[in-house]
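The structure appears right after this line, and notes come after that.
The values are calculated or read from the model by the stated rules, or taken from the named source; none is laboratory data. If you're wondering where the values come from, they're calculated on a predicted model, not measured in any experiment. For neighbour counting, all protein chains shown are included, and Cβ atoms are generated from backbone atoms with ideal geometry for every residue, glycine included. For accessibility, only protein heavy atoms count, side chains too; no ligands or nucleic acids. Shrake-Rupley method; radii C 1.70, N 1.55, O 1.52, S 1.80 Å.
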Amino acid sequence: MNRYSVFGLMRGALGGQKHWQPAWRDPEPRASYDVVIIGGGGHGLATAYYLAKVHGVRNVAVLEKSWIGGGNTGRNTTLVRSNYRLAPLHNLFDFGLKMWEHLSDELNYNVMFSPRGAMFLGHSDADMTMLAQRGDALRCDGIDAELLTRDEVAKVEPLIDMSRTARFPIEGALMQPRGGTARHDAVAWGYARAADVLGVDIIQKCEVTGFVRDGADGSGAVVGVETTRGRIGAGRVGICVAGHSGQVAGLAGLKLPIESQTLQAVVTEGVKPMVNSSVMSQSLHCYVSQSDKGGIVMGGDPDNWPSYARRGQPTVIETAIAQTIAIMPALSRLRMLRTWSGVTDMSFDGAPIIGPTPVRNLFINGGWCYGGFKATPASGWTYAHTLATGAAHPLNAPFALDRFVRGATVDETGVGPMPNHR
Amino acid sequence: MYLIDCPHCGPRAQLEFTYERTMDSIAPAGADPQEAMRVLYSRANPMGADDEVWRHTYGCRAWLVLTRNRMTHSIDAVRAVGPETLA
Ligand SMILES: Cc1cc2nc3c(=O)[nH]c(=O)nc-3n(C[C@H](O)[C@H](O)[C@H](O)COP(=O)(O)OP(=O)(O)OC[C@H]3O[C@@H](n4cnc5c(N)ncnc54)[C@H](O)[C@@H]3O)c2cc1C
Ligand SMILES: [Zn+2]
């Protein structure tokens, strides 16, 4: 592989930059692989990379129905943080956050991780109590969390309306200084290129349309997949398709604790730096950050009913924008560049599902809801462990599929089996 | 946004309605706890039509069953919920 470096760039300049190679091969599918991963988003590609790198499993294919990174990976608003309330969640996400800090070096690809701080606003005494409680839980596990006063919030974000007549008064905030943003496409491309070098076949325009099963009645172990590019044999198969988890698992006759919903986002024209951190309000339902290109990125709640259409309801995104503008009135002067949406895999306790399914040799990684981008490295690392060994990784053990019938949900917000109320 | 034809009130804006759950995730009364958990916590989640329970929350507050397509968002049927619907 052509390692990317500043010297390579300089050498290339002398030769008219004609040295560039495709970042990964475009191979024909082989007859079979040790591991087939369905879905070429960040999670699937990271899984393939760590399978090859950490576990020496290199006979691996990633099958992507369209182009890699074109799903939620390329549609998300790139907030990266680990400040969840419950230990199984913050331990998994913080393992990931530590990986983000070195990911560009690890992949020899600039994922533009920018730890500019992730700030949850508190609008009332009750909010501040909740945030303090969460901060304590985090610090007990060695994760950074700082309770900010009103004045400290104003220092981080001078454009927040701090007046006592503000529509949403600010009482303080909980700040995670190590949180931030990253470049979504680069994460998919970086993992793809690094996995390809280790021998992983990345096969695009290859949709999985069925499973090949053992046994006379076709209900035994999975031994391969049917695809739009023919049948491909597999030792183990890992589903990693985010919003399409229910549909793909359905091909194996499984019903999941997952519902697919639309999540929207919006970006404005690019402007000079005006939002310094990522600002979130969980009492309202909105968040905002500024991309490195200058666009103000905003988002809020999912459309709270099932859909695979990737067409958002205007009233939902309007609510998120209205709340954000109430917090930062200066944003009202900006022009909207575009809105878009993705199909999110809303799980019934709001936490991911990683591990085996009732079908032998078939594994699942999904249910990341609206928050899985930040977990990409940790998800790949732990899912690779599970696919290589057949066993749970200590960090993904709490997220087994059977936790729902065992009554062992990981319910961050305490809502119960209501994916539409998260 | 689309219109939902409430059997009691006629066509109303979707914003008056709330989605609750799917018909295939209602545990039968008297199901044993293990079975009830399994049904409550799993759905077919098809990429096409499904039967869904909605409520006309900001209208007549009645429960409804919609047959709705998750790709096209078209609503093929709206039924009032009564004992006969759940039978
Ligand atoms: C608008 C929006 C904002 C978000 N904001 C954030 C955020 O700020 N922070 C955060 O942490 N998370 C965020 N998320 C969530 C995050 O994007 C996802 O959890 C994460 O990117 C999922 O990655 P993935 O690799 O699992 O899925 P994807 O990137 O969706 O990859 C799955 C792939 O599977 C492919 N596929 C599907 N079916 C098949 C098939 N049958 N055969 C072959 N391939 C198939 C798809 O084409 C797709 O490319 C957001 C999501 C959305 C939609
Ligand atoms: Zn009505």
| Matching residues in the range A:109-126 - criterion: being open to solvent by less than 70 Å² (accessible area, probe 1.4 Å) and closer than 21 Å to A:Gly74 by Cβ | A:Tyr109, A:Val111, A:Phe113, A:Ser114
| Of A:Arg139, A:Arg134, which residue is basic (Lys, Arg) and either in the same structural domain as A:Ala397 (by TED's automatic domain parsing) or surrounded by fewer than 15 Cβ atoms within 10 Å (Cβ to Cβ) (or both)? | A:Arg139
| task | Residues being open to solvent by 10 Å² or more (accessible area, probe 1.4 Å) and farther than 30 Å from A:Ile317 by Cβ: count how many of those fall in the range A:229-244. | result | 7
| query | Are any residues in the range A:236-281 of a type in the set (Asp, Glu) and away from every other protein chain (no Cβ under 12 Å), and if so, which ones? | reply | A:Glu269
| field | Residue among A:Ala242, A:Ala234, A:Ala221 that is within 19 Å of the chain's Cα centre (by Cα) and of a type in the set (Gly, Ala, Ser) | value | A:Ala242
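Quick grid of which residues meet (1) over 30 Å from A:Ser281 (Cα atoms); (2) away from ligand 1 (no atom under 16 Å from the Cβ); (3) open to solvent by less than 40 Å² (accessible area, probe 1.4 Å):
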| residue | (1), (2), (3) |
| --- | --- |
| A:Arg11 | yes, yes, no |
| A:Arg30 | yes, yes, no |
| A:Tyr33 | yes, no, yes |
| A:Val62 | yes, no, yes |
| A:Gly71 | no, no, yes |
| A:Arg81 | no, no, yes |
| Quick check, is A:Met346 within 14 Å of chain B (Cβ to nearest Cβ) and either open to solvent by 20 Å² or more (accessible area, probe 1.4 Å) or in contact with a strand residue (DSSP E or B) (Cβ under 9 Å, 6 or more places away or on another chain) (or both)? | yes
| field | Positions within the range A:385-400 being part of a loop (DSSP other than H, G, I, E, B) and open to solvent by 30 Å² or more (accessible area, probe 1.4 Å), in sequence order | value | A:Gly390, A:Ala391, A:Ala392, A:Pro394, A:Leu395
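This table checks each residue for (1) within 9 Å of chain A (Cβ to nearest Cβ); (2) closer than 21 Å to A:Val415 by Cα; (3) within 16 Å of ligand 2 (Cβ to nearest atom).
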{"position": "B:Ile4", "(1), (2), (3)": "no, no, yes"}
{"position": "B:Arg12", "(1), (2), (3)": "no, no, yes"}
{"position": "B:Leu15", "(1), (2), (3)": "yes, no, yes"}
{"position": "B:Thr18", "(1), (2), (3)": "yes, yes, yes"}
{"position": "B:Arg21", "(1), (2), (3)": "yes, yes, no"}
{"position": "B:Ala27", "(1), (2), (3)": "no, yes, no"}
| said: Exactly one condition in (1) open to solvent by 20 Å² or more (accessible area, probe 1.4 Å); (2) within 17 Å of the chain's Cα centre (by Cα) is false for A:Pro358; which is it? | reply: (2)
| field | In the range A:401-412, the residues that are open to solvent by 20 Å² or more (accessible area, probe 1.4 Å) and either within 10 Å of chain B (Cβ to nearest Cβ) or farther than 9 Å from A:Asp349 by Cβ (or both) | value | A:Leu401, A:Asp402, A:Val405, A:Arg406, A:Gly407, A:Ala408, A:Thr409
| Given the structure, is B:Gly48 touching a residue at least 12 places away in the same chain (Cβ under 8 Å) and either closer than 25 Å to A:Val343 by Cβ or within 13 Å of ligand 2 (Cβ to nearest atom) (or both)? | yes
| request: Test A:Val415 against the criterion of being of a type in the set (Val, Ile, Thr), away from ligand 1 (no atom under 16 Å from the Cβ) and either within 30 Å of A:Val271 (Cβ to Cβ) or outside any loop (DSSP other than H, G, I, E, B) (or both), and give yes or no. | output: no
| note | Screening A:Thr149, A:Thr165 for residues that are at pLDDT below 95, over 30 Å from A:Val60 (Cβ atoms) and open to solvent by 30 Å² or more (accessible area, probe 1.4 Å) leaves only A:Thr165
| task | Inspect all residues belonging to the range A:245-267 and state whether any of them is near ligand 1 (Cβ under 10 Å from one of its atoms), of a type in the set (A, V, I, L, M), surrounded by fewer than 19 Cβ atoms within 10 Å (Cβ to Cβ) and modelled with pLDDT of 95 or more. | result | yes
| request: Hey, can you tell me all the residues within the range B:59-87 that are open to solvent by 30 Å² or more (accessible area, probe 1.4 Å), within 16 Å of ligand 2 (Cβ to nearest atom) and away from chain A (no Cβ under 13 Å)? | output: B:Gly59, B:Cys60, B:Arg61, B:Trp63, B:Ala77, B:Val78, B:Arg79, B:Ala80, B:Val81
| Is the range A:205-228 home to any residue that is under 30 Å from A:Ile325 (Cα atoms) and crowded, with 20+ Cβ neighbours inside 10 Å? | no
